[in-house]
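Where a number appears in this text, it was derived from the coordinates with a stated rule and is not lab data. Just so it is clear, the model here is predicted, and its values are computed rather than measured.
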Amino acid sequence: MAFFFLVYFLSVLPGLSTLKKMPWTKSEYPDSLKNFMAPIRNKAIEIANALVADGRPEDSAIAIATEKAKEWGENRGKKIRKSR
């Protein structure tokens, strides 16, 4: 039994290296998003992670995601940035 598990594990091992961790989370995100309200920042993180997963470079993904998240918030009447 252990032999079959070992054979199976070794057969899937190469595929494990292709799994990608999403670069940003609600607690770990680019400094450029720190002054946004949480709903806007979270939407930007969601969009940026999707763009990166589709092969977009991270710097481009965060720029696009920031603009789209601001647009998303404005369309819903949400406050975009934190007060200074």
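What the phi angles of the range 60-66 give under the Karplus curve with 6.51, -1.76 and 1.60, with θ = phi - 60°, is a coupling list of 5, 4, 5, 5, 5, 4, 4 Hz, glycine and proline written as x. If you model the range 18-84 as an ellipsoid using its alpha carbon gyration tensor, with each semi-axis the square root of five times an eigenvalue, the axes come out at 21, 12, 9 Å, biggest first. Computed 3J(HN,Hα) for the range 68-84, one whole-Hz value per residue from the Karplus formula 6.51 cos²θ - 1.76 cosθ + 1.60 where θ = phi - 60°, is 5, 5, 4, 4, 4, x, 4, 5, 10, x, 8, 5, 8, 10, 5, 6, 8, glycine and proline marked x. Here the 3J(HN,Hα) profile of the range 38-45, calculated from phi with Karplus coefficients 6.51, -1.76 and 1.60 at θ = phi - 60°, is 3, x, 5, 4, 5, 5, 4, 4 Hz, Gly and Pro shown as x. Amide H contacts for PHE36 (H built 1.01 Å from N in the peptide plane; partners 5 or more residues away or on another chain; cut-off under 5 Å): LYS82.
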